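Notes for the one structure printed next.
The values are calculated or read from the model by the stated rules, or taken from the named source; none is laboratory data. The shown structure was predicted, so the numbers you read here are calculated from the model rather than taken from an experiment. Don't worry about glycine lacking a Cβ; one is built from the backbone with ideal geometry, like all the others, and counts go over all protein chains shown. To get the accessible areas, we keep the full protein, side chains included, count just its heavy atoms, and leave off ligands, DNA and RNA. Shrake-Rupley method; radii C 1.70, N 1.55, O 1.52, S 1.80 Å.
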Amino acid sequence: MHLRGYASVALLLALLLTILVAATVYVFGAHLYPAPPPISQDAVQVDHQYNLTLYVTGAAFVLAQLGLAWAVFRFRDRGQKASHIRGNVALEILWTSVTVIAFVGLGILGRNAWAGARLTPAAPDAIQIEVTTNQFVYTFRYAGPDGKFGRLDPALVSAPTGNPLGIDPNDPAGQDDILAAELTVPVNRPIELLIRSQDVVHNFFVRELRLQQDAVPGMVIPVHFSADRIGTYEIVCTQLCGLGHYKMHGLLHVDSQSDYEAFLKRQALDQ
Ligand code: CUA
């Protein structure tokens, strides 16, 4: 006995798919979950790239899903005999090439936004600040008036005695180094972060900078940025780094040049 399909079932399925597509387009189109405003030129570029990728993949999503809805309805069971087709080489080549071009193209375009902060060297006058992560805190080190970081010795690392980074007391360059629990930078100045980890893989992420970089034990990873808006922003660790991961965060203060200098003075007195 042969059961004939009903047009209403195919129609319902096609309709559900169309509603799903419309709802998804609405969630993205209405900006229900907006990112915080960008505070650097690199962040603006990342947003631009993100939007471009979203438009391209969004168009592919809408076309593919509506095409599926159409096919579900158009080729519904009318009691006809099912036939087997072996595919279409020309179509296979076409949509594989289009996909490759879209992905490789977006990758090459996106590389600029990503590489700007990493593969190009920081400006020669960039302020270097060392970022050390460990379970579950950030420690920031400024080079002090001499502009040089003191030598680090892992054997000297001792948070209880006030030397969490293991700065060698015999190295004169380390005498004036300034440690801080929060990151303070002057506005509109190039900043180069040197990111390290003392134990496991952590991460340094500031949403407003659209800057996210892993901290890897044994490596010093440089990234640079220039923040153009005074304010306080959250730094979060986005790598699952242990039981305290959920509370591992810090603060980034973008201050005026004079406030930044006052901060350094205050901090130097505390050391
Ligand atoms: Cu450190 Cu998560």
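Would you point out which residue out of GLY58, GLY87, GLY67, GLY107 is assigned to a helix (DSSP H, G or I), without any contact (Cβ under 8 Å) to a residue 12 or more places away in the chain and farther than 29 Å from SER8 by Cβ?
Numbers: GLY58 fails: without any contact (Cβ under 8 Å) to a residue 12 or more places away in the chain; GLY87 fails: assigned to a helix (DSSP H, G or I); GLY67 fails: farther than 29 Å from SER8 by Cβ.
Only one candidate qualifies: GLY107.
Which one of these is out of contact with any His (no Cβ under 8 Å at 6 or more places or on another chain), loosely packed, with under 13 Cβ neighbours inside 10 Å and at pLDDT below 90: ALA115, ALA64, ALA90, ALA59? Don't jump to the end; show me each part of the working.
Working: ALA64 fails: at pLDDT below 90; ALA90 fails: at pLDDT below 90; ALA59 fails: at pLDDT below 90.
Result: ALA115 is the single residue among ALA115, ALA64, ALA90, ALA59 that is out of contact with any His (no Cβ under 8 Å at 6 or more places or on another chain), loosely packed, with under 13 Cβ neighbours inside 10 Å and at pLDDT below 90.
Can you tell me which residue within segment 232-271, out of those that are farther than 21 Å from ILE178 by Cα and of a type in the set (S, T, N, Q), is nearest to the chain's Cα centre (by Cα)?
In this case the residue turns out to be THR238.
Could you tell me which residue of segment 179-191 is nearest to the ligand (Cβ to nearest atom), considering only residues that are open to solvent by 30 Å² or more (accessible area, probe 1.4 Å) and of a type outside the set (A, V, I, L, M, F, W, C)?
GLU182
Quickly run through segment 243-271 and pick out the residues that are within 16 Å of the ligand (Cβ to nearest atom) and surrounded by fewer than 15 Cβ atoms within 10 Å (Cβ to Cβ).
LEU243, GLY244, TYR246, LYS247, HIS249, LEU251
Can we say ARG207 is closer than 27 Å to PRO145 by Cβ, within 16 Å of the ligand (Cβ to nearest atom), assigned by TED's automatic domain parsing to the domain that holds ASN134 and modelled with pLDDT of 95 or more? Please lay out each step first, then the result.
Numbers: closer than 27 Å to PRO145 by Cβ: no; within 16 Å of the ligand (Cβ to nearest atom): yes; assigned by TED's automatic domain parsing to the domain that holds ASN134: yes; modelled with pLDDT of 95 or more: yes.
For ARG207, the condition - closer than 27 Å to PRO145 by Cβ, within 16 Å of the ligand (Cβ to nearest atom), assigned by TED's automatic domain parsing to the domain that holds ASN134 and modelled with pLDDT of 95 or more - is not met.
Name, by its number, the condition in (1) within 16 Å of the ligand (Cβ to nearest atom); (2) modelled with pLDDT of 95 or more that does not hold for ILE127.
ILE127 satisfies all of (1) within 16 Å of the ligand (Cβ to nearest atom); (2) modelled with pLDDT of 95 or more except (1).
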